Each structure stands twice: as C-alpha cells, then as structure tokens.
2 protein chains.
Amino acid sequence: MKKILFVLLVAPLLFADSLASRAYEQGIIPIPQDKAELQKMVELKNNQINDVKIQLGKMLFFDPRLSLSGIISCATCHNLGLGGADGVPVATGHKWAQNGKGINTPTVYNTAFFTAQFLDGRSPDLSDQAKGPMTDPNEMAIDPATAEKRIGSIELYVDMFKLAFIDDDNDEVTFDNIARAIAAFETTLITPSRFDDFMHGRKRALTKAEKVGLKVFLEKGCTNCHNGVTLGGQSMQMFPAQGKFRYAHIGSFTGDEFGRVRVPTLRNITQTAPYFHNGTVWELTEAIMIMGEAQLDQFISEEEAGQIAEFFKSLEGRKPEITYPVLPPTKLR
Amino acid sequence: MKKILFVLLVAPLLFADSLASRAYEQGIIPIPQDKAELQKMVELKNNQINDVKIQLGKMLFFDPRLSLSGIISCATCHNLGLGGADGVPVATGHKWAQNGKGINTPTVYNTAFFTAQFLDGRSPDLSDQAKGPMTDPNEMAIDPATAEKRIGSIELYVDMFKLAFIDDDNDEVTFDNIARAIAAFETTLITPSRFDDFMHGRKRALTKAEKVGLKVFLEKGCTNCHNGVTLGGQSMQMFPAQGKFRYAHIGSFTGDEFGRVRVPTLRNITQTAPYFHNGTVWELTEAIMIMGEAQLDQFISEEEAGQIAEFFKSLEGRKPEITYPVLPPTKLR
C-alpha cells in the first residue's frame, strides 16, 4: 500500500523528468538507495538474514560438495561473473545431463525481488527454491541426507550454522537450513544500475539513445509484464499469449499448469544470452521482436528493437564484490 | 649460488632454532618475505608479469568460454576454495570424461615455484602448461583457433591483451598469449604459511606437536624428495622407487619415459585429499605410511605418520584474496 502511494503521489513530484515519472506510472520501481528499505524488500520468511548467514550461504553457494559428484556448485550454472547464468542454451548438470525440460539457466541476480521462483513459478521463495537444483537428478543430484552428512561432518560449517541460525527455530545442519543460508546469500545479489540512478533523479545517468529506447519500451507496452523493481519476475504470464513463439518446438517446457511462465527480469539482460526458456535466441534484438509478436500482438521493427536493446544497457547492474570463499577441507569418500 | 651461500652460511646463524636450521640444511627453503625476492623466484621466461596481465589472467582462469562446452574453466578443477584442486579422485572434464590416464587434479597453488609442470614433468613452465588442460579432449577440449576467436571477439579482452603484453613480442589474442596471461595470474597463487614464519625465525609459529612432526619428517629422509620452497615440485623421481605402491593397478599413468613422477608439493596437502597421482588414498596418514614403504624402504608407524601429518598442518597457507571476476559478456554461438 505504501509502495502504491509512493508511486502514485510522491514519485511524480520528486522526479520531474517526465520520462522517469512515466516509467513510475507504468509500474517500474527502482532499487531503493536506502539500505533499510532495500533489506525490507528482500527479506525472507522464517529466515532471519545476518552477516554470518550470508557468509555461510556464500560458501555453500560455491561449495561443489553439495552435488553428488562433488564438482558442481550453485555457482557452476549461476556464474556470478557471467550475469548470474551460464551463457549456454540448456543447463548442464550431473554426468553432463541436460536439463530435463531443456531449460536455459535463469540469472540468480536480483531473484530476491521475485514473487515466484523457477520459470514455472512453483516455488514461493529462495529458501525453498535453493533445494530444487541441489536435488534435481539432472543438476546437482544430491539427496538431502547426503548433503547434511557432508556439510555436517565439517566442524567449521557446524559452528557457522549455530551462529547463522541463532534467531531461527533450528540451528542444525539440515537440508532446509543449507537452502536457507544459500537464500540469505542470494538476497545480497542485487545489482543497481544507471537506470536506477536515473529513476532516482540523476537525469544524465542515461544516454540520449537509452532514453529513446526507454520511451519506445514504455510506448510498446512492455511494462504490462516487465514491471516492478526487476522489470519482470513479478507475475506469471501466458507464453505465447497472442501470437506464436517460433521456437516453441525446442525443449519440453510448457510453463505451469495453466501454460504460464514467470516473466524474466530485464536487469542484466544484455549479459545473459541466449534468451527464452529454451535458450534458442542469441540476439537481444531478435528476442525483443519475438516478444512483440508472441506477447503483444504488435510489430516491433528492427530499429525499434535496437532502440529498446540500447535502453537495456542501462540495466547492466553494478555487481556486488564477491571474495572467492576459502572452503573448509573434508574427505568426500 | 647466492641461495646456496645463504642456506649454508647465513641461515644457520640467523635462525638459531636448531630445528629450523636442520630443515634449511636438508634443503627446505621458506617462501621469501621480501616481495622482490619472491617475484624473482616466480618470474616467467618470455612473459613479463604486470598487474594488467595478472588481472587478465585471472579473468581467463575463471572464464568457462575457454572450454569447448562453455561451462568448464581452469577454476572448475583448480578450485581456489578447495586447496587449488577438486577434491575428487579423478579429474572430470568435457562431457563428463574422466582424465585419460585416471589422474587426480594436482593443486595450482605454488606451482610457479615448480621446476617442471604436469605430473610427468613434460612442460617446462606455467606459460606452456596452461595450454594442456584447455586443449585436452578430456578436459576443456577447445582448439586454439576457437579459443582465439571467442576471446578475440570480446573488445574488453582485446584491449586488455594490448596493455598486458605491452612489453612482450606480441600483444594479440593468440592462444599462446591466453596461456601466458593465465600463467601470470598463477604466479600470484602463493600461500605462505606458519611454517614459513617459523623458518623466518618465529619459533612459536609452530605448535609443539608440529615441531615433533617436523623432526620426524626430517629424520625419516622425506626431504630427499620433498625439498625446496614447495617441499616437492623440484624434481622427478621414480615412483615407486623402493617398494611397491599398493594401488598401482588403478589408472594407467606411469610417469615420464623413465617411469618418474614429479614430486608433489606438501604445501596445503591437508586440503587436497585424495592423494597420489590416481587419487586412491583419502587419509593423509595412510599416504605418509605408503610413502615410507614405496619410496624410502622404511617402516613409518601410524604414530609417526600422525606426527608428520600434524606438521603438515603448518603448511596450510594463507591464500591470496581473490575477487571473483566479472567477465565481459559475449555470444558463444
């Protein structure tokens, strides 16, 4: 409610730039500059975030021992150096298995803002989501008991769990807590960009070409779905909704029970090719033109697509600095 | 020559602790505290080290696009969070291939000090070595032309090569230069430890138990091979030399043309199980007892092995802080 009031009443007054206020009016929200406000937006249910939990979660995120083989970590596919994804069409996991439905790895950056996790939206939050890839036989392929045994055999981890979960119901090395810690780390993977600076009033944060692109983006109605703080990730939508998706025959993913797919975020989209749930499109402009066709039932010209793609450059975020974690040694046998 | 004079004449005077001077006498050298002295030890032939090259090399070390699949990087097997190795018996690479000879991934830490690279010593230095895993069909499986094309298509990389190789014969994105940059980064992967502090005169840097272990280590003659600054990595040795290696039947690696194997470093050895070229032994004490049997033709009791293993804790090094590199995006197709 407060957010709505802010968008309707305060924002237009604060941000005289008509383009920024139009973006606000169409439902786009910048990443808050205020740390407390940001924390509030990414907080997790039944999962108190604290510094130890974030540090623990980072270690677990990078720890390949959470895969059955011992060589795949969350960071393998959600490569924090490559826009939080892997840059290949289909996610590859345990014993080189391809994702069961031929799904492309979505970025992990800014997912803490999403209202639903996974492309079919089957998971309510990150604490739950993190369990999926670990146990998927085509991804990390571990069973919860083995994960608990491995992590629980490492003294440093046991101690860190006690501190990390001091305010929670349970401070043991359980599979749920492993996922909770990873989720806590993931809430820090937020990438404010020049677009946010612009929305916060720094008019010159966007180039002229990016402003042109934003205008086209707003006019075309992309914000019907690509809205909120992540310009996506806020709702489930039919896909395709209006026309046809020309690469629909590739992969077997059909969305949720209603055929709906979670709208992807546009943050860092220039850094996460290939596009679509099946990773079939490498060119951003082609993806934009397809979206006009498949979702909006309107023609987006190559020129317009190029303008929108130009705007997307302003969504390339400043990544949090990640110090590669030194992990406690153990024996996997 | 200067080094020999230092060891013979100066060191014993400086380090009154008889245990440290005995270690010096048996050929063990600490990692220099003096930065210039250290730089001199790790310099590369025909490969000027500078900050840009180190940064570029770090990016390439973490860049999975240097594998044919786009999902395996140097860091996949040489995990800097896991002692510079992967913690599994046999290296796993392209399409889940196991290493052709069943070889265990050796650590990348401190390899800049080695006199030969690869377990069979077939490569003279890191600039040459780095090309091996990239092109091995069971590892990263890329061909030089593809690697050059991918990296050369990224403007940021092209610019960085120009700066990184400003003092070299060629500043282009060639496969040789890709390897050279990675090698430059690897020269920074040095891990001084409490043992070095001890050798530099801080008597209390080692616990009593570690000193006992060091004494046993020196008395048993382990330093015949495990000497120099990396307590290993300085020579090729027959393996097994005296007795039998009870797990010799596993894997097909037989060393160089003479049946010799490069002596492994003992730095961070507590963090790089499983042991031996074929990764067959998980317990450090068992590995130590086997070494007595196979190499020294002498019985090392379980107690003595435990004491030596205790000493090895002092070789757990301080790892350089690695900021996870943000990589420039590109399209792999």
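Looking for something away from chain B (no Cβ under 14 Å) and at pLDDT 95 or above - is there at least one such residue anywhere in the stretch A:314-328? Working first, answer last.
In the first step, residues of the stretch A:314-328 are kept if they are away from chain B (no Cβ under 14 Å); the result is A:314.
From what is left, the residues that are at pLDDT 95 or above are A:314.
Checking the stretch A:314-328: at least one residue is away from chain B (no Cβ under 14 Å) and at pLDDT 95 or above.
Of all residues in the stretch B:294-327, which are buried (at least 20 other Cβ atoms within 10 Å of the Cβ) and of a type in the set (S, T, Y)?
Within the stretch B:294-327, B:S314, B:Y324 meet the criteria.
Restricting attention to helices (runs of 4 or more DSSP H) lying wholly within the stretch B:117-192, give those where 1 or more residues are under 25 Å from the mean Cα position of the chain (by Cα) and closer than 23 Å to B:E257 by Cα.
On the way: elements: B:126-129, B:131-135, B:144-152, B:155-164, B:175-186.
Helices (runs of 4 or more DSSP H) meeting the threshold: B:126-129, B:131-135.
What pairs come out if I take residues in the stretch B:270-284 that are at the interface with chain A (Cβ under 8 Å from one of its Cβ atoms) and closer than 14 Å to B:F312 by Cα and pair them with residues that are at pLDDT 95 or above and in a strand (DSSP E or B) whose C-beta lies under 7 Å away, six or more apart or interchain?
B:T272/B:A85
Every residue in the stretch A:234-269 that is within 14 Å of another protein chain (Cβ to nearest Cβ) and closer than 23 Å to A:V216 by Cα, please.
A:R267, A:N268, A:I269, listed by residue number.
For B:E155, indicate whether it is in contact (Cβ under 8 Å) with a residue 60 or more places away in the chain and charged (D, E, K, R).
On the way: in contact (Cβ under 8 Å) with a residue 60 or more places away in the chain: yes; charged (D, E, K, R): yes.
Judged against the criteria, B:E155 is a match.
Can you tell me which residue among A:L44, A:L56 is farther than 30 Å from A:E257 by Cβ and more than 11 Å from chain B (Cβ to nearest Cβ)? Give the derivation first.
Values: A:L44 fails: farther than 30 Å from A:E257 by Cβ.
Among A:L44, A:L56, only A:L56 is farther than 30 Å from A:E257 by Cβ and more than 11 Å from chain B (Cβ to nearest Cβ).
Filtering the stretch A:211-234 down to residues that are part of a helix (DSSP H, G or I) and surrounded by 23 or more Cβ atoms within 10 Å (Cβ to Cβ), which residue is farthest from the chain's Cα centre (by Cα)?
Step one: list which residues in the stretch A:211-234 are part of a helix (DSSP H, G or I), which gives A:211-220, A:222-224.
Subset that is surrounded by 23 or more Cβ atoms within 10 Å (Cβ to Cβ): A:213-214, A:217, A:222.
Numbers: A:G213: 23, A:L214: 21, A:F217: 21, A:C222: 19 Å.
Among those that are part of a helix (DSSP H, G or I) and surrounded by 23 or more Cβ atoms within 10 Å (Cβ to Cβ), it is A:G213.
Name the residues in the stretch B:62-88 that are away from chain A (no Cβ under 11 Å), touching a Ser or Thr at 6+ places or on another chain (Cβ under 8 Å) and part of a helix (DSSP H, G or I), would you?
The answer is B:L66, and nothing else.
Can you confirm whether the stretch A:280-293 contains a residue that is closer than 22 Å to A:R122 by Cβ, in contact with a Phe, Trp or Tyr (Cβ under 7 Å, 6 or more places away or on another chain) and either modelled with pLDDT of 95 or more or surrounded by 22 or more Cβ atoms within 10 Å (Cβ to Cβ) (or both)? Even if it seems obvious, please write down each step before you answer.
Taking the stretch A:280-293 first, the residues closer than 22 Å to A:R122 by Cβ are none.
No, every residue in the stretch A:280-293 fails to be closer than 22 Å to A:R122 by Cβ, in contact with a Phe, Trp or Tyr (Cβ under 7 Å, 6 or more places away or on another chain) and either modelled with pLDDT of 95 or more or surrounded by 22 or more Cβ atoms within 10 Å (Cβ to Cβ) (or both).
Only residues that are buried (at least 24 other Cβ atoms within 10 Å of the Cβ) and either modelled with pLDDT under 95 or acidic (D, E) (or both): list them for the stretch B:51-85, please.
Listed by number, the list holds a single entry, B:D63.
Check off (1) in a strand (DSSP E or B); (2) of a type in the set (A, V, I, L, M); (3) over 18 Å from A:F118 (Cβ atoms) for A:A241 and give me the number that stays unchecked.
(1)
Can you name the residue in the stretch A:193-210 that is under 22 Å from the mean Cα position of the chain (by Cα) and in a helix (DSSP H, G or I) and, of all such residues, is surrounded by the most Cβ atoms within 10 Å (Cβ to Cβ)?
Out of the qualifying residues, it is A:F195.
Tell me which residues, restricted to the stretch A:256-269, are of a type outside the set (A, V, I, L, M, F, W, C) and either free of Cβ contacts under 8 Å to residues at least 40 places away in the same chain or over 20 Å from A:Q234 (Cα atoms) (or both). Don't jump to the end; show me each part of the working.
First, pick out the residues of the stretch A:256-269 that are of a type outside the set (A, V, I, L, M, F, W, C): A:256-257, A:259-260, A:262, A:264-265, A:267-268.
Scanning the stretch A:256-269 gives A:E257, A:G259.
Looking at the stretch B:89-106, can you tell me whether even one residue there is within 13 Å of chain A (Cβ to nearest Cβ), in contact with a helix residue (DSSP H, G or I) (Cβ under 9 Å, 6 or more places away or on another chain) and on the phi > 0 side of the Ramachandran plot?
yes
Kindly provide the set of residues from the stretch B:285-302 that are of a type in the set (S, T, N, Q) and in contact (Cβ under 8 Å) with a residue 24 or more places away in the chain, ordered by number. Show your work before the answer.
Of the residues in the stretch B:285-302, the ones of a type in the set (S, T, N, Q) are B:285, B:295, B:298, B:301.
Within the stretch B:285-302, B:T285, B:Q295, B:Q298 qualify.
The values are calculated or read from the model by the stated rules, or taken from the named source; none is laboratory data. None of the values given here were measured: they were computed from a predicted structure. So basically every Cβ, Gly included, is an ideal-geometry build from the backbone, and we count neighbours across all protein chains shown.
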